[in-house]
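Undergrad: If you scroll down you'll find the structure; I have some questions about it.
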Amino acid sequence: MKDPNAILIIDDEEVVRDSCTRILAKQNYKIQAAPDGESGLKMVEEFKPDLIYVDLKMPGISGMDVLERLQQIDTTIVNVVITGYATIDTAVEAMKRGAYDFLPKPFSADELRLITRRGLEKRKLLLEAIALRREKEIIRENFTSIVSHELKSPLFAAQQTLYAFLAGVAGELQPAQKEMLERIRSRIDAMLQLINTWVEMTSVDFRQIRERFKPVDIPGLIFKAREMLQAKADDRNVQLVTHCPFSVEPVYGDEETLLEVFLNIIGNAIKYSETGSCVSISIEDGNRELRVSVSDTGVGIEKEDIPFIFNDFYRGKAQSKTGELGSGLGLAISNRIIQAHEGSITVESELGKGSKFTVVLSREVTKNSIGDAGKAH
Amino acid sequence: MEGKRILMVDDDPDYVDAVKMVLEKADYSVEAVYSPRDGYRALETGTYDLVILDCMMGRGAEGIIVARKLRKKKELGNLPVLMITGIRDQTGFFFVGDPKDEAFLPVDGFLEKPVDPSVLLKEVGKLLHSRKTEESKKGE
């Protein structure tokens, strides 16, 4: 059987404590009472109440203060305020401090029972919501990591075998055989990439990005992204050019995910560029915002595709110059990352002429949002 | 590099075969075991010049536990460990190419699945060579 609900009554009047205890004793509740706020708060940890009745007017710390302290201890405990002088103002004030309901003195046994039942129902819902959220989180994380491992393992084995064959380890291959194996290899590559991106989509908690905010040196980050993409650019004989002011103030953000964004956008520009052309990256520093734009003179995006390119799994009709197929997730992820930074990512493009992606990171918002944390130091 | 003995610990026999093929072609002798437990056992009875370790085995990143255990075993000396893992397999632990945290993951080399055969041979050669030079230094 389920544990009986625990109810704590904090009231300086003995008669109120006793009558509440008597009225509620008929139901299957565990009940404890405290004569003042201080001792009541002390009991909370041990007694673990589901519901607390708090008298507003008591000697020592007031009922309002008790409510406030309870909010810091556990927001899922349901608090009901008992008061002899119920006014709208005190009610509003009590609600503001986390009270769920109001019990005006004098009250009848039925009123007390009703409010108790409602309060406990509320507590049950609060706990259920938390449990569900946690369960969802666990399922999401485990599901993704298990499924991705199970999907990837056989692909790794297949791919590793193809690598060995293509390296001629199992004997020289005919050109036609080699070409077909190459094609299989690139299909598997694309699939592995899709799984990786999908894992990233589901496992990156975009709300947590903000918690990792710190000053980020954007030109440094662009430099890092360039370094990582240089081989790809050389492969395609695409030149990377950066225009950057002499000194750029850092912007608050999450370095790891921002790098992801720049890798994605610059990588795309390389992928869709003509051989021998140039991808230009420019950083513009403003008081209120910092803009990074990446322009290419490649295939461009069809007008009707533009509104959808930031959607999950959307792939434009334009063929990449490398023939590789993307997962259709890169820009969707980048968009979410930039949104978590309260910035924006936009595109201007013309078919056959090229595209320009612009990431705008706000200095204002990021400064304000972490200003409080900064002050605490 | 003839005669150098490599122990490969990986729970996927098909993956092992593909890597083994490449290493054997380069005249290494490769022994494969398919669980951490068999890996410890093999190291107790046999002698090896290099261990190739899969990161994701069993219920999770058991390869990390294996690597840490091996590093603590004094009797293994400075047996080099090469870890092979799928990129971002275990979400958020580490990224290939990151500076490795020696205390958290004590391995000598780190490669990403699937491994290009030439990259694999180069890394294996490098690790075996570094061990040889260290040992000859000790001998002096």
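The values are calculated or read from the model by the stated rules, or taken from the named source; none is laboratory data. None of these values were measured; they are calculated from a predicted model. Positions of Cβ are backbone-derived with ideal geometry, glycine not excepted, and every protein chain shown enters the neighbour counts. Protein only, heavy atoms only, side chains kept; ligands, DNA and RNA dropped before computing areas. Shrake-Rupley method; radii C 1.70, N 1.55, O 1.52, S 1.80 Å.
Undergrad: Got a sec to turn the phi values of the stretch A:345-351 into Karplus ³J(HN,Hα) couplings, 6.51 cos²θ - 1.76 cosθ + 1.60 with θ = phi - 60°, whole Hz, x for Gly and Pro?
TA: Computed from phi, the couplings for the stretch A:345-351 are 9, 10, 9, 10, 7, 9, 4 Hz.
Undergrad: Order the following by accessible area, largest value first: B:His129, A:His149. Probe radius 1.4 Å; ligands, DNA and RNA are ignored.
TA: Heavy-atom accessible area, descending, gives B:His129, A:His149.
Undergrad: Answer rounded, prolate or oblate for the stretch A:174-231, using the Cα gyration tensor with square roots of eigenvalues a ≥ b ≥ c: rounded when a/c is under 1.5, else prolate when a/b is larger than b/c, else oblate. Don't skip to the answer; put the middle values down first.
TA: Details: a/c = 9.02, a/b = 1.87, b/c = 4.82.
Note, shape of the stretch A:174-231 comes out oblate.
Undergrad: Considering all projection directions equally, how large on average is the shadow of the alpha-carbon convex hull of the stretch B:3-92, in square nanometres? Could the numbers behind the result be given before it?
TA: Details: hull surface 23.5 nm².
Mean projected area of the Cα convex hull: 5.9 nm².
Undergrad: Oh, and also: Could you tell me the extents of chain A's C-alpha atoms along the three principal axes, largest first, rounded to whole Å?
TA: 95, 54, 39
Undergrad: With 29 Å as the limit, write out which pairs from B:Lys20/B:Lys126; A:Lys178/B:Lys113; A:Lys224/B:Lys126; A:Lys224/B:Lys74; A:Lys136/A:Lys232; A:Lys271/B:Lys20 have Cα-Cα distances beyond it, or answer none. Don't skip to the answer; put the middle values down first.
TA: Values: B:Lys20/B:Lys126 18 Å; A:Lys178/B:Lys113 21 Å; A:Lys224/B:Lys126 27 Å; A:Lys224/B:Lys74 39 Å; A:Lys136/A:Lys232 39 Å; A:Lys271/B:Lys20 35 Å.
As for pairs spanning more than 29 Å Cα to Cα, those are A:Lys224/B:Lys74; A:Lys136/A:Lys232; A:Lys271/B:Lys20.
Undergrad: Moving on. For the stretch A:84-150, count the residues as N, evaluate 2.2 N^0.38 Å, and divide the Cα radius of gyration by that value, please. All intermediate terms of the calculation are to be shown ahead of the outcome.
TA: Values: Rg = 20.2 Å, N = 67, 2.2 N^0.38 = 10.9 Å.
So the stretch A:84-150 has a normalised radius of gyration of 1.86.
Undergrad: Find the all-direction average of the projected area of the Cα convex hull for the stretch A:24-93, expressing the result in square nanometres with one decimal place.
TA: Numbers: hull surface 20.7 nm².
Dividing the Cα hull surface by four gives the mean projection, 5.2 nm².
Undergrad: Can you give the accessible area of A:Arg113, probe radius 1.4 Å, in Å² rounded to 10?
TA: Approximately 60 Å² of A:Arg113 is accessible to the 1.4 Å probe.
Undergrad: Next question. For the pair A:Ile146/A:Ala109, report the inter-label distance in nm, with labels modelled 7 Å from Cα in the Cβ direction.
TA: In this crude spin-label approximation the distance works out to 5.2 nm.
Undergrad: Fully extended, how many nm does the chain gain between A:Lys124 and A:Thr202 (0.36 nm per residue separation, minus their Cα-Cα distance)? All intermediate terms of the calculation are to be shown ahead of the outcome.
TA: Numbers: separation 78, 0.36 × 78 = 28.08 nm, distance 2.93 nm.
Between A:Lys124 and A:Thr202, full extension yields an extra 25.1 nm.
Undergrad: Give the calculated FRET efficiency between A:Val15 and A:Ile139 to the nearest 0.05, with a Förster radius of 56 Å applied to their Cβ-Cβ distance.
TA: Values: r = 51 Å, r/R0 = 0.91.
Computed FRET efficiency for A:Val15 and A:Ile139: 0.65.
Undergrad: Keeping all protein chains in the complex and leaving out DNA, RNA and ligands, what accessible area do you get for A:Val80 with a 1.4 Å probe, in Å² to the nearest 10?
TA: We get 0 Å² for A:Val80.
Undergrad: Where in chain A is the longest stretch that carries no GluC sites (Glu not before Pro) classed as loop by DSSP and with at most 12 other Cβ atoms within 10 Å?
TA: Values: sites that count: A:Glu172, A:Glu304, A:Glu324.
The reported range is A:1-171.
Undergrad: With a/c under 1.5 counting as rounded, go ahead and sort the stretch A:13-58 into rounded, prolate or oblate using the C-alpha gyration tensor (a ≥ b ≥ c being the square roots of the eigenvalues; past the cut-off, prolate if a/b is larger than b/c, else oblate).
TA: Values: a/c = 2.24, a/b = 1.15, b/c = 1.95.
Oblate, because a/c is 1.5 or more while a/b does not exceed b/c.
Undergrad: A follow-up question, please. For a quick check, take a GNM of chain A with Cα springs below 10 Å and name the residue from A:Gly267, A:Gly298, A:Gly60 with the largest mean-square fluctuation.
TA: A:Gly60
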